[in-house]
Protein chains: 2
Amino acid sequence: MIENCETLEQIANLARVSRSTASRVINSSPYVSLRARKQVLKVIHRTDYQPHQAVRTLVARRTNTIGLIIPQPVPRLFTDPFFPQLAQGISEVCHRRGYYLMLTLMATHADRDSLYRRMLHSGQLDGILVASAVLDDPIIPCLQASHHPCVLVGRNPTYPDIPWVDVDNVTGARRMTEYLISLGHRRIATITGSLNTVPGQDRLEGYRQALAQAEIAIDDTLITEGDFTEESGFYTMKRLMRLEPTAVFAASDLMAIGAIKALKQAGRSVPDDVSVAGYDDIPAAVRMEPQLTTVQQVVFDLGRMAAEKLIMLLDDPDASAYPLLPTTHLVVRGSTRTADRWPKPES
Amino acid sequence: MIENCETLEQIANLARVSRSTASRVINSSPYVSLRARKQVLKVIHRTDYQPHQAVRTLVARRTNTIGLIIPQPVPRLFTDPFFPQLAQGISEVCHRRGYYLMLTLMATHADRDSLYRRMLHSGQLDGILVASAVLDDPIIPCLQASHHPCVLVGRNPTYPDIPWVDVDNVTGARRMTEYLISLGHRRIATITGSLNTVPGQDRLEGYRQALAQAEIAIDDTLITEGDFTEESGFYTMKRLMRLEPTAVFAASDLMAIGAIKALKQAGRSVPDDVSVAGYDDIPAAVRMEPQLTTVQQVVFDLGRMAAEKLIMLLDDPDASAYPLLPTTHLVVRGSTRTADRWPKPES
DNA sequence: CTATCATTCGTGAACGCTCCCAATATATTC
DNA sequence: GAATATATTGGGAGCGTTCACGAATGATAG
């Protein structure tokens, strides 16, 4: 199956140098005369030579390949473009840094163990990126046992010592809540994501911070737990309506969409009666009426950072391990407006 | 970076056989006694041995790795879950068949050529899957020159001889149109996708076939070209409305959504005045009011077939190369209804 | 002119596996 | 019981690199 005919030996012969010298040129060793280097580079260019990756791996004990593992069948995989964007970012960095990217999606966890073993022990990977693992995913202990450098995409408090990158959910949620406050809202409800997930917790934390900062008393009845889905947004909003918040911060766009449906069904107008904000900026957010004010996470950057960080770790295992957080962006659209109006918004 | 300490030699010693015999066991050669096989398997299991992939590649001249290349920054990548589903299907087959999957996304085509070379000439890949290439993508000639077995995901009439798999756009569109006919519609308009794309053409062809089959004269004024986007659906529908079709088949859900917006804006009811059907079954299709009748493509199956076909080709380069088409499913929801009513639907 | 040193280069070993070939053990036939 | 066929097995070569080492070259100092 391998087409690569030219060998280093042949290159060396053509350039009238030894294998070693040719190798040194390829690996940019400083101990090569200018003349020899030029010779070799010319021949390489002319013959379109590519070193045989498998052999380099064998000898140099590094594969120049990193693995991207998506351990669970993430439902989110199919409703928001998180994964393609992440992969895009990772892929870009891999190209730029001369790495290959191996992908492992885990549709069924039937033979998960054999799969993990296959990925980890085949000697195919220099390092590993794990995306969206649930907190107690069994791959993480496996990973540590295998001594592969790795970076988690998504903070995992169960393993605080593993390097990670994440979107800054706290700040994103805080900014959004601050924005709602700046519009004059004081009675701001939130529909949280599942509180047994890190993003769920973090987005709630951001909401709390913003209220505290603005010295608005936190009313626990205005905090209700959803599970990121549209249905949960719908039903939670129905209950929340009685409390007459003037604004609602939903921790996902899907829940925001559900909440808006509930409000409309009850004859309330968004944003005139109630402002609603979401989180994620899924494609549907622009496609609805009104368009959704939301928080955009630059997942592309997240992927880039994850890959950069892992490669940094490969080059220097002791590299500093502080986490990286790409910034989030507020996307203000039609579903929110000022609250500087009469107390009872019955026009 | 490589952890894999056990070597075949060690396994052989532990099992009191030679390297060769151990190798034969691993590669399921028939020329091994039951006793020896048992011995070796026991040791392998006990030591959790994994053969070193790079060496196998070096010697056996196959990598057990296939590449998935997504050559262009496909905008669709970020709005519909095509890519994750495809990858999921491919990944599943790879695991089952003992292959690794290498991913290459092409965000920018800045240094496309060097990237192609790197993927094709590094000897890393046994075969290649190309997804969603535009018709004249330069990777296809490169691919042929590199003599890699490959399978295109998406038919490419420019290269009819390259094996491919695709969703059956013609049949999907035909079925949907037949369904509209079965509801009693006779004046059925279509908003096509870009007609310089294969899916655009194929979906139009399916529409035509259904009408021809039902002996409904094809009225070319009812065929208008969009470009798969929501905006194009919106504006095309505005023009189309004057012609008073009772049903519209849009070649993408996005266009159907745009069309519905145009109709609503003009005070027409969907489905009471006009039935609208889409294509793709994107997540937003269930999230609208009314929910969209559409065609679901089992992209997951498409990925599976693509991988299966490629692996088949790797095992036997002369394997029959007939294309595989996963079936499409009609998803009937609220945006369509019977037309068996009074001629003028002004209630 | 010789000794010392830095620079540059080339040889040989090794990586861990598969494949080829020859050798051995076992079964079968006459 | 010898001769032959068959089923197993083991040893050696080789895959294309990198790396450690030592040799060669040239420059500089004494």
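General remarks:
- Among the trypsin sites (Lys or Arg not before Pro) in the stretch B:7-55, those located in a DSSP loop and surrounded by at most 14 other Cβ atoms within 10 Å of their own Cβ are B:16.
- Student exercise, the protein assembly as shown dipole from Lys, Arg, Asp, Glu Cβ charges, in Debye to nearest 20: 1660
- Entry note, the stretch A:219-312: relative contact order of 23 percent, from Cα contacts under 8 Å with a spacing of 6+ residues.
- Rg over Rh for the stretch A:164-236 works out to 0.97, using Cα positions for both radii and the Kirkwood form for Rh.
- DSSP loop GluC sites (Glu not before Pro) with at most 11 other Cβ within 10 Å excluded, longest remaining stretch of chain B: B:1-214
- When you restrict to C-alpha pairs under 8 Å that are six or more residues apart and normalise by the size of chain B, the relative contact order lands at 16 percent.
- Near residue B:112, once Lys and Arg are set to +1 and Asp and Glu to -1 for all other residues with Cβ below 14 Å from its Cβ, the sum equals -2.
- Expressed as a fraction of 2.2 N^0.38 Å, the value expected for a compact globular protein of N residues, the C-alpha radius of gyration of the protein assembly as shown is 1.09.
- All other residues whose Cβ lies under 10 angstrom from that of residue A:286 are scored, Lys and Arg at +1 and Asp and Glu at -1, for a net of 0.
- Using the rule -39500 (n - 2.57) for each DSSP H run of four or more residues, divided by the residues of chain B, the 222 nm mean residue ellipticity is -12500 deg cm²/dmol.
- Candidate lysines - alpha carbon under 25 Å from residue A:238, same-chain residues fewer than 8 apart omitted: A:261, A:264, A:344
- The phi-based Karplus calculation (6.51 cos²θ - 1.76 cosθ + 1.60; θ = phi - 60°) puts the 3J(HN,Hα) values of the stretch A:148-158 at 7, x, 8, 10, 8, 9, x, 4, 10, x, 5 Hz, whole numbers, x for Gly and Pro.
- For residue B:48, the distances from its label point to the matching points in the remaining copies are 4.4 nm, ordered from shortest, with each point set 7 Å beyond Cα toward Cβ.
- Reciprocal of mean inverse Cα separation for the stretch A:8-51 (Kirkwood radius, Å): 9.8
- A point 7 Å from Cα along Cα→Cβ stands in for residue A:214, and the other copies hold the same point at 5.5 nm, listed in rising order.
- Between copies, the label points of residue B:330, set 7 Å from Cα on the Cα→Cβ line, lie 4.9 nm apart, reported in increasing order to one decimal in nanometres.
- Debye equation applied to the C-alpha atoms of chain A, log10 I(q)/I(0) at 0.08, 0.09, 0.14 Å⁻¹: -0.51, -0.61, -1.06
Each reported figure results from applying straightforward, stated rules to the coordinates on display, with no laboratory input. Here the structure is a predicted model, which is why all the values come from computation and not from measurement. Methodologically, a virtual Cβ is constructed for each residue, glycine included, from the backbone with ideal geometry; neighbour enumeration extends over all protein chains shown.
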